[in-house]
Amino acid sequence: MKKIEAIIREERLEPVKQALEAGGYFAMTVTEVSGRGEQRGLTLPWRVGEYRVDLLPKLKLEIVVQDKEVDTIVKAIIDNARTGEIGDGKIFIIPVENAIRVRTNEDGDKAINKVTNNKEEAKTK
Amino acid sequence: MPINSGDTAWILVSAALVMLMTPGLALFYGGMVRRKNVLSTMMMSFAMLGLVGLLWVLYGYSLSFAPDMSGIIGGFDFMGLRNVGQEPSSVYATTVPHLAFMIYQAMFAIITVALFTGAVVDRIKFGALLAFSALWLTFIYTPVAHWVWGGGWLAKLGVLDFAGGVVVHINAGMSALALALLLGPRKGFVEKEPMEAHDIPMVMLGAGLLWFGWFGFNAGSAFTAGGLASSAFVATNTAGAAAAFTWMLLSWIYRRPTALGTVTGAVIGLAAVTPAAGFISPIMGIPIGIGAALVGYYAMLFRSKSRVDDSLDVMAAHGMGGIWGVLATGIFASVAVNAAGADGLIFGNGAQLLKQMAGVVAVGGFSFIGTLILGKLVDATIGLRVTRTEENLGLDISQHGERAYGGLGR
């Protein structure tokens, strides 16, 4: 089980989200973050002149998946988050010891099922 | 004179309009500081509604407007509102109850004190600010108001100040500059750490309320609900519009037409037309507004490159806007608009411009030096500045024990 932690441009969230959903990966946690990297900062105008902003707003996506799904998801994120300019972000892949679904107490892979399965379950109920 | 109900209604509404400018200023200033200091910044204005609202009825009105003592200060006849009742004054606003004139003036004193707080945000001790403000109202505001509006020596000299270019804007601006010098810069200011406005929509809402209230400020200063009030109203709006539009263009030439710049321009234009509003032909609001935006823009640019941390540019905005407006009154004034005024330079009376200059220098110098003295006094006793740790934490928590945007979850 792995956690994919992706820092992306704010405006790339929608395409990434749609691509993942099309592949059946519905679950994710999104956080507004500030950070810096090669893009460094930018200047914004003040009442007069300007001031430097050296932490830029980005979004952080966190998705926990089975090991075999990592490559597919990373590809979907890269394909949809990349503009080719400095500041496209980074992806980190982190081992996860376990996952537990709060509602049912299920753990392991069952707690991180792809949403398509859940939808079918929901229909049969 | 008998009470005129139209005039009375207008003055009471105007007093309420000017009252609303102080919460408006709280929003205007509050949005421009970092989020850890927003409550503290807003309290600096709101607290004056309490402090100055009390001191004014107790003795502030009397020292400003009671019968004259040697042209320097009002006497004690109106202490605790003695002799201030439902009958009109025989001197001021003679068609409205004296109480209405008094409370209208109270709102001016309140916002003038609130104005200079823009220079001290993020680092002044709240108690020290209150002590300083009480001293400042007593020893700076009341004499200056008396000199200009209470029949004091500047009034006798013939300095024209319709609604407070000298008494409010130059007075607050010069004091703000002196306070900024006394307090020193905020931590991180010299190092050019970014101090981003945390809520520009809040600034714009505040500017909107200020613009709205300014009609009471300037048109109310006609003290009658007639032609002169209408003329001052139009002059006010015209200058605000001209300055807002000019500043927007300046920021566009520089980079982008910024929201923060546009509303800053509006406020400076409104400040500049304040002394002139009831003495000029309303169309002259255009040159006054354009001039105000240019003066304010370059003053602010100059200040931003200096090491003086007048944090929210009270001097560049209100001080320089006020100075330009008071001088512009000496240029554009016309007795055809207001027989109680004078002709300015463009109507062949250069002497009026000299009188206006005298008013600028006298009051600017008095409030700058007076503030240095009173500020030193407070610094030596209570201490003006918070500790470094308190400054790091932010004044909301360290001075008021509150945070503006707290709470996780619902």
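Could you pull out the residue among B:Leu327, B:Leu312 that is farther than 23 Å from B:Trp10 by Cβ, open to solvent by less than 20 Å² (accessible area, probe 1.4 Å) and either at the interface with chain A (Cβ under 10 Å from one of its Cβ atoms) or without any contact (Cβ under 8 Å) to a residue 40 or more places away in the chain (or both)?
On the way: B:Leu327 fails: open to solvent by less than 20 Å² (accessible area, probe 1.4 Å).
On inspection, the qualifying residue turns out to be B:Leu312.
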With criteria (1) surrounded by fewer than 24 Cβ atoms within 10 Å (Cβ to Cβ); (2) small (Gly, Ala, Ser); (3) within 30 Å of B:Arg123 (Cβ to Cβ), B:Ser45 comes up short on (1)
Listed by first then second residue, the pairs whose first member lies in region B:77-94 and is under 13 Å from B:Ala66 (Cβ atoms), whose partner is assigned to a loop (DSSP other than H, G, I, E, B) and acidic (Asp, Glu), with beta carbons under 8 Å and at least 6 positions apart or on separate chains, are B:Asn83/B:Asp77
When restricted to B:Ala317, B:Ala266, B:Ala276, the only residue open to solvent by less than 40 Å² (accessible area, probe 1.4 Å), more than 13 Å from every other protein chain (Cβ to nearest Cβ) and under 15 Å from the mean Cα position of the chain (by Cα) is B:Ala276
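Regarding B:Pro185, is this residue more than 14 Å from chain A (Cβ to nearest Cβ) and either within 30 Å of B:Leu353 (Cα to Cα) or surrounded by fewer than 24 Cβ atoms within 10 Å (Cβ to Cβ) (or both)? Quick ask: steps written out before the conclusion?
Numbers: more than 14 Å from chain A (Cβ to nearest Cβ): yes; either within 30 Å of B:Leu353 (Cα to Cα) or surrounded by fewer than 24 Cβ atoms within 10 Å (Cβ to Cβ) (or both): yes.
Considered against the rule, which asks whether it is more than 14 Å from chain A (Cβ to nearest Cβ) and either within 30 Å of B:Leu353 (Cα to Cα) or surrounded by fewer than 24 Cβ atoms within 10 Å (Cβ to Cβ) (or both), B:Pro185 comes out as yes.
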Of the residues in region A:27-68 that are away from chain B (no Cβ under 14 Å) and at pLDDT below 90, the one that is nearest to B:Arg303 (Cα to Cα) is A:Gln39
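Quick check: anything in region B:163-181 open to solvent by 10 Å² or more (accessible area, probe 1.4 Å), out of contact with any helix residue (DSSP H, G or I) (no Cβ under 6 Å at 6 or more places or on another chain) and either at pLDDT 95 or above or among the small types (Gly, Ala, Ser) (or both)?
Taking region B:163-181 and keeping what is open to solvent by 10 Å² or more (accessible area, probe 1.4 Å), we get B:174, B:177, B:181.
Imposing the further condition that a residue be out of contact with any helix residue (DSSP H, G or I) (no Cβ under 6 Å at 6 or more places or on another chain) reduces the set to B:181.
The next check asks that each one be either at pLDDT 95 or above or among the small types (Gly, Ala, Ser) (or both); those that pass are B:181.
Looking through region B:163-181, at least one residue is open to solvent by 10 Å² or more (accessible area, probe 1.4 Å), out of contact with any helix residue (DSSP H, G or I) (no Cβ under 6 Å at 6 or more places or on another chain) and either at pLDDT 95 or above or among the small types (Gly, Ala, Ser) (or both).
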Flagged in region A:49-91 as among the basic types (Lys, Arg) and either open to solvent by less than 20 Å² (accessible area, probe 1.4 Å) or over 28 Å from B:Pro257 (Cα atoms) (or both), in numbering order, are A:Lys60, A:Lys68, A:Lys75, A:Arg82, A:Lys90
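Yes/no matrix, rows are residues, columns are (1) open to solvent by less than 30 Å² (accessible area, probe 1.4 Å); (2) not in a loop (DSSP other than H, G, I, E, B):
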| site | (1), (2) |
| --- | --- |
| B:Phe302 | no, yes |
| B:Gly322 | yes, yes |
| B:Asn338 | yes, no |
| B:Ile369 | no, yes |
| B:Leu374 | yes, yes |
Pairing a residue in region B:190-216 that is more than 10 Å from chain A (Cβ to nearest Cβ) with any residue that is in a loop (DSSP other than H, G, I, E, B), where Cβ atoms lie under 8 Å and the two sit 6 or more apart in sequence or on different chains, gives B:Val190/B:Arg307; B:His198/B:Val33; B:His198/B:Arg34; B:Trp214/B:Thr274
Among (1) surrounded by fewer than 18 Cβ atoms within 10 Å (Cβ to Cβ); (2) touching a Ser or Thr at 6+ places or on another chain (Cβ under 9 Å); (3) assigned to a loop (DSSP other than H, G, I, E, B); (4) of a type in the set (Val, Ile, Thr), B:Ile346 falls short only on (3)
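Is it true that some residue in region B:227-241 is within 14 Å of another protein chain (Cβ to nearest Cβ), surrounded by fewer than 20 Cβ atoms within 10 Å (Cβ to Cβ) and either without any contact (Cβ under 8 Å) to a residue 24 or more places away in the chain or not in a loop (DSSP other than H, G, I, E, B) (or both)? Break it down stepwise before answering.
Let us first name the residues in region B:227-241 that are within 14 Å of another protein chain (Cβ to nearest Cβ), namely none.
No: zero hits.
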Residue set B:Gly60, B:Gly50; condition without any contact (Cβ under 8 Å) to a residue 12 or more places away in the chain and either assigned to a helix (DSSP H, G or I) or in contact with a Cys (Cβ under 6 Å, 6 or more places away or on another chain) (or both); output residue B:Gly50
Within region B:122-143, the count of residues that are assigned to a helix (DSSP H, G or I), touching a strand residue (DSSP E or B) at 6+ places or on another chain (Cβ under 9 Å) and not polar (S, T, N, Q) comes to 3
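For region A:1-16, enumerate the residues that are in contact (Cβ under 8 Å) with a residue 60 or more places away in the chain and part of a helix (DSSP H, G or I). Full working, then the answer.
So the first thing to find is which residues in region A:1-16 are in contact (Cβ under 8 Å) with a residue 60 or more places away in the chain, and the list is A:1-9, A:12, A:15-16.
Result: A:Arg12, A:Pro15, A:Val16.
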Note: among B:Gly164, B:Gly152, B:Gly173, just one is within 21 Å of the chain's Cα centre (by Cα), away from every other protein chain (no Cβ under 14 Å) and under 18 Å from B:Met107 (Cβ atoms), namely B:Gly164
Among residues of region B:92-119 being surrounded by fewer than 24 Cβ atoms within 10 Å (Cβ to Cβ) and among the hydroxyl-bearing types (Ser, Thr, Tyr), the residue nearest to B:Val33 (Cα to Cα) is B:Tyr92
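Among B:Phe212, B:Phe223, which is the only one that is out of contact with any strand residue (DSSP E or B) (no Cβ under 8 Å at 6 or more places or on another chain), open to solvent by 30 Å² or more (accessible area, probe 1.4 Å) and at negative phi? Outline the logic, then answer.
On the way: B:Phe223 fails: at negative phi.
Step by step, each of B:Phe212, B:Phe223 is checked, and only B:Phe212 is out of contact with any strand residue (DSSP E or B) (no Cβ under 8 Å at 6 or more places or on another chain), open to solvent by 30 Å² or more (accessible area, probe 1.4 Å) and at negative phi.
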Considering region B:247-263, residues that are farther than 21 Å from B:Phe28 by Cβ and part of a helix (DSSP H, G or I), and then whichever is nearest to the other protein chains (Cβ to nearest Cβ), we arrive at B:Tyr254
Every listed condition ((1) touching a helix residue (DSSP H, G or I) at 6+ places or on another chain (Cβ under 6 Å); (2) within 30 Å of B:Val190 (Cβ to Cβ); (3) within 14 Å of another protein chain (Cβ to nearest Cβ); (4) not charged (D, E, K, R)) holds for B:Ala244 save (2)
Query raised in the report: Within the bounds of region B:209-223, is there any residue that is among the polar types (S, T, N, Q) and assigned to a loop (DSSP other than H, G, I, E, B)?
Result: no
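Are any of the residues in region B:280-296 assigned to a loop (DSSP other than H, G, I, E, B) and away from chain A (no Cβ under 12 Å)? Show your work before the answer.
Our first condition is that a residue be assigned to a loop (DSSP other than H, G, I, E, B); within region B:280-296, this holds for B:281.
Next cut, away from chain A (no Cβ under 12 Å) only: B:281.
Yes, region B:280-296 contains at least one residue that is assigned to a loop (DSSP other than H, G, I, E, B) and away from chain A (no Cβ under 12 Å).
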Counting only residues in region B:56-88 that are of a type in the set (A, V, I, L, M) and open to solvent by 30 Å² or more (accessible area, probe 1.4 Å), the one nearest to B:Leu99 (Cα to Cα) is identified as B:Leu81
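The values are calculated or read from the model by the stated rules, or taken from the named source; none is laboratory data. Owing to the predicted nature of the structure, the values given are computational and were not obtained by experimental measurement. No Cβ is skipped: glycine too gets one built from the backbone with ideal geometry, and neighbour counts run over all protein chains shown. These accessible areas exclude ligands, DNA and RNA; they are computed on the full protein's heavy atoms, side chains included. Shrake-Rupley method; radii C 1.70, N 1.55, O 1.52, S 1.80 Å.
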